[in-house]
Amino acid sequence: MTDVTLGPRHPAVLARVIWTRHRVWLASALILAVLAAMDAAQAQASAIFATAALLNTAPFLLLSIGIAAWAGATGADNLIARAFTGAPALMIVMAALAGALSPFCSCGVIPLIAALLAMGVPLSAVMAFWLASPVMDPSMFVLTTGVLGLEFAIAKTLAAIGLGLMGGTVVHWVTRAGGFPAPLRDGIGNGGCGGARVRAPKKVVWRFWNDPARRVKFGREALNTTLFLAKWLLLAFLLESLMLAYIPAETVTSVLGGTGIAPIALGTLVGVPAYLNGYAALPLVGGLIAQGMAPGAGLAFLVAGGVTSVPAAIAVWALVRPGVFATYIALSLSGAFLSGLLFHLWTLA
């Protein structure tokens, strides 16, 4: 059989490239196309719903985009390096705060963790940052406020910090007892864009508009963030419209509502495979809460899904040894459940 190499313009190659680069937009288009063929009225209703939802969240979107672009243009994300100096207890606290509050890009998290561990930073501080980072950042806080309300955004922020503190403390005591002597897998180095920020942190330039290159970076970051948020929120609002249309509220209330711990535990477990994206998950949880989902279960879903979503878990598995990975998963799920339980008790008070 002759081996034929497909050129870059071959239809199969082009289709694969287009799907890889634009799969979220294509998924939204496919949903609308299928709806138009099967239920034209619902297709129109879903399109109107998604458009209205995007317009309603536009002020929060603009603020979120501005924060992300400002962080990239000024280099404020380089401040993350300062969280990993000092006594172990101080490092854990600072790392948890940095993870929850810093606008750190997702592409740099894994290389950053590898760099920190390879440089000898205690696993306790690294774990504190690692657990808190996917749950909250300034952009996420703004959008969470717009979609789920200020109380929920504050609760999610406190959950991120608390999860980091809990994880860092537990790992600190385990390492003091002799556990995790070599957390990284063999062959994992300290390269990557995240590692460079720790090894040689650059000065933060607050008045970035005086530098032409930084102004260009601001515009590029703003555009990238706009496209990223728009594609995921559009998909999420479309899914929310279908959920509201086709899933009876009584079903959601019976499974994820109520005052017991079962809905929170279920929300924690469901969050792992069902989580799409930190921003896309917000409208989905908002729709579920509107149909009767307990707020505590919603928070548990967001925290568990943010930390242990399938892509994140795969990256962690490739980076660290099985014992560290198992601890990471256990801390994530237990912390998400406790966060949901505490928020549930708070809403009842």
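Read-outs throughout are calculated quantities, based only on the coordinates presented, and are distinct from any laboratory measurement. Every value quoted in this text rests on a predicted model; they were computed, and no experiment measured them. We place every Cβ from the backbone using ideal geometry, glycine too, and count neighbours over all the protein chains shown.
Pairs of C-alpha atoms in region 116-191 farther apart than 20 Å represent 44 percent of all such pairs.
With a sphere of radius 14 Å drawn around the Cβ of residue 28, what net charge do the other residues whose Cβ falls strictly inside it have (Lys, Arg +1; Asp, Glu -1)? Around residue 28, the charge tally is +1.
Within straight-line reach of residue 203, meaning a Cα separation under 24 Å, sit the following lysines at least 8 residues removed in sequence or on another chain: 217.
Seen from residue 46, the other residues with C-beta closer than 13 Å to its C-beta sum to a net charge of -2, counting Lys and Arg as +1 and Asp and Glu as -1. A Förster radius of 56 Å combined with the Cβ-Cβ distance from residue 261 to residue 210 puts the calculated FRET efficiency at roughly 0.55. Sequence-ordered 3J(HN,Hα) estimates for region 128-139 from the Karplus curve with 6.51, -1.76 and 1.60 and θ = phi - 60° stand at 4, 5, 4, 6, 7, 4, x, 7, 8, 7, x, 5 Hz, glycine and proline given as x. Out of every Cα-Cα pair in region 24-69, what percent are more than 16 Å apart? The calculated P(r) of region 24-69 puts 52 percent of pairs beyond 16 Å. Between amide H atoms placed 1.01 Å from N, distances below 5 Å from residue 320 occur with 185, all of them 5 or more places distant or on a separate chain.
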